[in-house]
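The values are calculated or read from the model by the stated rules, or taken from the named source; none is laboratory data. Just so it is clear, the structure is predicted and the values come from calculations on it, not from any experiment. With ideal geometry, Cβ positions are generated from the backbone for all residues, glycine too; neighbour counts draw on all protein chains shown.
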Amino acid sequence: MPTHLRRADPIRRLLRATLAVAGGIVLALVTVAGSYAYLSASTTVPGGTISAGSANFTISTGSAVALTGLYPGATTYGSYTLTNTGDVPLGLSVTTFTVTPATVFASAVVIDLAMHPAGTTCASAAYSQVSHTGSATTGTLAGPLPSRDRYTPGAATPTRTLCVRATLPANAPDGAKATSGSFAVVIRGVQS
Amino acid sequence: MNKMIKGALAAGTGVVLLLGGAGTLAYWNAETTVNGGTITAGNLTLTNTGSPTWTDQTGATIDIATFRVVPGDTLTLTQAVTFSATGNNLVGTLSLAGGGVSGDLAAFLSAPGVTMTVPATTGVTCSGATCTVTPGAATVSQTVTVKVAIPFPKTSSPTDQNGAMQKTASLANLTIRLEQNH
């Protein structure tokens, strides 16, 4: 080997060793600086699913009111069952009341509505809630229509009796005779 | 004997002696024992105490799986959590995260109120939603109460909330964390 190369060889070895050490120091510093250990603890509180209820009720016919065969001074009765199938008590109001066809009879007949406890005998019940005659409807249904017990799964759905009384007044005009009609009522329930 | 030879022999002998002496050296030394000891690490623990409970605005306990929420209700989830911290130089932070509400019903609900109530405790300082725990020489242990209140408000119009009927919302899990500051 030439002399100038033999003298340079130890220097290269020393340089390589120095670079290796420096590299090792850098590597050690980078590695140590990136890792920490801290104390920690955690726990989880489980959430859950929240379900909304509803507002709803139904009307079923017990004994229908027939606006036929009425004469001045006569009264006929009918009963219907109101069932709250939702989760909130409902205040009930009559929003629409129509008697058809629009005849002298329709204008003269007086139709009263009253909500009473389930099983009430409508022929002997009180009628001081809603009254319709001609084109005017006055009063409100006594309420609310109660809902089931939300705290008791499977609780029974409450019902009420809607009593209907139709009367042809004694002073009904002569044009009301020999006619008949039908009526339709829209009842609205609002969470009370 | 020739003087030179004697001198050489003496020198050689001395060298031999020196060479022999290089194999046996004497140094002063002394020693003592430093007693060791036991090193004990600090600790952080956090556990739920009992089961979570759901109540409504009247305070009545409800079964969230069967209860049907309606406008005007406020449902509250409550969970007790016990923590302890040990460490002479430990400084930790107790925090609460999570409890968001999602799902079709979420739009009709008010934002949930998430709270963590910590009784007055030596070594615990609370500010806002987090608490700093510094046990010092003693172990700090306390039971905190985590609550999430979810209101389902009534509105002025009776039909505004009709779209919420029979919809559902999910309350996400909450995470309580006690972590050494760093």
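Quick notes
- Unmet requirement for A:V104, which otherwise passes all of (1) more than 31 Å from the chain's Cα centre (by Cα); (2) surrounded by 16 or more Cβ atoms within 10 Å (Cβ to Cβ); (3) not hydroxyl-bearing (S, T, Y): (2)
- Subset of the range A:163-192 that is in contact with a helix residue (DSSP H, G or I) (Cβ under 9 Å, 6 or more places away or on another chain) and in a strand (DSSP E or B) - its residue that is nearest to B:V69 (Cα to Cα): A:C163
- A:V130 vs. criteria modelled with pLDDT under 95 and over 30 Å from A:P153 (Cβ atoms): no
- Positions within the range A:66-82 being buried (at least 16 other Cβ atoms within 10 Å of the Cβ) and of a type in the set (S, T, Y), in sequence order: A:T76, A:Y77, A:S79, A:Y80
- Residue tally, condition more than 7 Å from every other protein chain (Cβ to nearest Cβ) and surrounded by 13 or more Cβ atoms within 10 Å (Cβ to Cβ), over the range B:62-76: 4
- Subset tally (residues that are within 14 Å of the chain's Cα centre (by Cα), part of a loop (DSSP other than H, G, I, E, B) and surrounded by fewer than 18 Cβ atoms within 10 Å (Cβ to Cβ)) for the range B:131-182: 3
- Any hit, the range B:108-129, residues being within 11 Å of another protein chain (Cβ to nearest Cβ) and either in contact with a His (Cβ under 7 Å, 6 or more places away or on another chain) or in a loop (DSSP other than H, G, I, E, B) (or both): yes
- Restricting the range A:45-65 to residues that are surrounded by fewer than 14 Cβ atoms within 10 Å (Cβ to Cβ) and facing chain B (nearest Cβ under 7 Å), the residue that is farthest from the chain's Cα centre (by Cα): A:P46
- Single match in B:L178, B:L94 (criterion: touching a residue at least 40 places away in the same chain (Cβ under 8 Å), facing chain A (nearest Cβ under 8 Å) and aliphatic (A, V, I, L, M)): B:L178
- Among the candidates A:V110, A:V99, A:V88, the residue that is among the β-branched types (V, I, T), modelled with pLDDT of 95 or more and closer than 16 Å to A:V130 by Cα is uniquely A:V110.
- Selection status of A:T157, in a strand (DSSP E or B) and touching a residue at least 60 places away in the same chain (Cβ under 8 Å): no
- The residues of the range B:84-130 that are polar (S, T, N, Q) and within 14 Å of the chain's Cα centre (by Cα), listed by number, are B:S84, B:T86, B:T93, B:S95, B:T130.
- Of all residues in the range B:33-64, those satisfying the criterion of being at pLDDT 95 or above and out of contact with any strand residue (DSSP E or B) (no Cβ under 6 Å at 6 or more places or on another chain) are B:S51, B:T58, B:G59, B:A60, B:D63.
- Residue within the range B:42-54 that is at the interface with chain A (Cβ under 8 Å from one of its Cβ atoms) and either closer than 14 Å to B:F152 by Cβ or among the basic types (K, R) (or both) present: yes
- Inter-residue pairs, beta-carbon under 7 Å, first over 22 Å from A:F97 (Cβ atoms) and in the range A:110-126, second part of a strand (DSSP E or B) and of a type in the set (A, V, I, L, M), 6+ apart: none
- Residue in the range A:144-158 that is modelled with pLDDT under 95 and either in contact with a Phe, Trp or Tyr (Cβ under 7 Å, 6 or more places away or on another chain) or farther than 30 Å from B:D56 by Cα (or both) present: yes
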